[in-house]
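Chemist: To start, I am sharing the structure in question, which I have written as structure tokens.
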Amino acid sequence: MAIHFRFNPEKAVEAAATLLKLHGKPMNYLGLLKMLYIADRIALQRMEQPITAGNYVSMEYGLVLGYVYDLIKGKPVDDALPVWSKFISPCNSDYVSLLNDPGNRELCEEEEDILKEVYQTFGHFNIFDVAKWTDDFPEWKNSHGSAIPISVEDVLRYVGKSDEEIEQIQQEAIREAYLDEALHG
């Protein structure tokens, strides 16, 4: 059974807003997508769970969070688009901006630290340099214009997790999904 972490739209908005606040002005959506992917990858390595979750895809210009990409493009993802649209502007001429501050209730301190670290490292790079940098991740495959899904298990392997650790992460994700379903339906 594949590992699946439930996409949390509020947390995705807060993570994007954190990066946009650090940037202090509209940001190219490609740069935002890359930094969110890198942050999720680091969180999987350090915390054994992603910040935003959702789905990972390999695209022509690198690795992205598929659900966040869809939201940026104004496409519905379950019931997340109204939440996203309240705080993050629609993609306008390749840029997104913060409309309202969602706060940070959903993010833990370690997740905020990861986002800040990623921004300090990549926030001032040319977006195509960041895209090229993520091309060096082993999970990236040139999709030639399409989107190739990437499994959480593959990302975990590439960040150095053993098969036993991946099995533990999978069991924890199953428990969390069960509890989440029981609590929220």
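Read the figures in this text as sums done on the coordinates, not as results from a lab. Please read these numbers as outputs of a predicted model, since none were measured by experiment. Cβ: placed from backbone, ideal geometry, glycine included. Neighbour counts: every protein chain shown.
Chemist: Among THR121, THR18, which comes first, second and so on when ranked by fewest other beta-carbon atoms within 10 Å? Intermediate results must be reported in sequence, preceding the final value.
Modeler: Working: THR121 13, THR18 26.
Listed from fewest to most nearby Cβ atoms, that is THR121, THR18.
Chemist: Here is a further query. Neighbour counts of other C-beta atoms within 10 Å: give me CYS91, CYS108 arranged from fewest to most.
Modeler: Details: CYS91 17, CYS108 13.
Final ranking by Cβ density, sparse to dense: CYS108, CYS91.
Chemist: Could you tally up the Lys pairs in the range 73-179 with alpha carbons closer than 21 Å? Skip any pair fewer than 8 positions apart unless they're on separate chains.
Modeler: Working: LYS73/LYS86; LYS75/LYS86; LYS116/LYS132; LYS132/LYS141; LYS141/LYS161.
So the count of such lysine pairs works out to 5.
Chemist: Nothing charged except the Cβ atoms of Lys and Arg (+1) and of Asp and Glu (-1): what's the magnitude of the dipole of the range 9-184 about its Cα centre? Round to the nearest 20 debye.
Modeler: Working: 16 positive and 31 negative charges, 176 e Å.
With only Lys, Arg, Asp and Glu charged at Cβ, the dipole is about 840 debye.
Chemist: Ok, one more. Say R0 is 22 Å: what FRET efficiency, to the nearest 0.05, do LYS75 and GLU109 get from their beta-carbon distance? Could the numbers behind the result be given before it?
Modeler: On the way: r = 32 Å, r/R0 = 1.44.
It comes to 0.10.
Chemist: Moving to a separate point now. Considering only ALA177, SER151, ASN100, whose Cα is most displaced toward the positive end of the charge dipole of the range 9-184, charges sitting on Cβ of Lys, Arg (+1) and Asp, Glu (-1)?
Modeler: ASN100
Chemist: Can you give the translational diffusion coefficient of the range 75-127 in µm²/s, computed by Stokes-Einstein from the Kirkwood radius over Cα pairs at 10 °C and 1.306 mPa s?
Modeler: Details: Rh = 13.2 Å.
Reported coefficient: 120 µm²/s.
Chemist: May I ask you to derive the FRET efficiency for SER93 and LYS116 from their Cβ-Cβ distance with R0 = 30 Å, giving the value to the nearest 0.05?
Modeler: Details: r = 27 Å, r/R0 = 0.90.
In this case the efficiency is close to 0.65.
Chemist: A further question on this structure: Which residue, chosen from PRO9, LEU63, HIS124, occupies the Cα position most advanced towards the positive end of the dipole of the chain, where the dipole is computed from +1 (Lys, Arg) and -1 (Asp, Glu) charges on Cβ about the Cα centre?
Modeler: Final value for the positive-end residue is HIS124.
Chemist: Let me ask something additional. What ratio of Cα Rg to 2.2 N^0.38 Å holds for the range 28-76?
Modeler: Relative to the rule-of-thumb radius for its length, the range 28-76 sits at 1.09.
Chemist: Report the gain in length on full extension from TYR158 to LEU183: 0.36 nm times residue separation, minus Cα-Cα distance, nm rounded to one decimal.
Modeler: Net length gain for the segment: 5.7 nm.
Chemist: Next question. If I model a spin label as a point 7 Å beyond the Cα along the Cα-Cβ vector, how far apart are those points for GLN45 and ASN126 in nm?
Modeler: Going by the 7 Å Cα→Cβ label model, 2.5 nm.
Chemist: Next question. For HIS23, HIS4, what's the fewest-to-most ordering of other Cβ within 10 Å of each Cβ?
Modeler: If I rank by nearby Cβ atoms, fewest first, I get HIS4, HIS23.
Chemist: From the phi of every residue in the range 86-95, what ³J(HN,Hα) in whole Hz does the Karplus formula 6.51 cos²θ - 1.76 cosθ + 1.60 yield, where θ is phi - 60° and glycine or proline is x?
Modeler: 5, 10, 10, 5, x, 4, 10, 6, 6, 10
Chemist: If you don't mind, there's one more thing I want to ask. Once you keep just the Cα pairs under 8 angstrom separated by 6 or more residues, what percentage relative contact order results for the range 9-184?
Modeler: Values: 240 pairs, mean separation 55.9, N = 176.
For the range 9-184, the relative contact order is 32 percent.
Chemist: How fast does the range 9-184 diffuse by Stokes-Einstein, in µm²/s, taking the Kirkwood radius from C-alpha pairs at 20 °C and 1.002 mPa s? Present the calculation step by step, with values, prior to reporting the outcome.
Modeler: Numbers: Rh = 16.5 Å.
The calculation lands on 130 µm²/s.
Chemist: For the range 100-167 and the range 1-21, what is the separation of their Cα centres, given in Å?
Modeler: Cα centroid to Cα centroid, the span is 12 Å.
Chemist: Before rounding to the nearest 500, sum -39500 (n - 2.57) across all DSSP H runs of length at least 4 in the chain and divide by the residue total; then give [θ] at 222 nm in deg cm²/dmol.
Modeler: Working: 8 runs with 99 residues, N = 185.
-16500 deg cm²/dmol, from helical runs alone.
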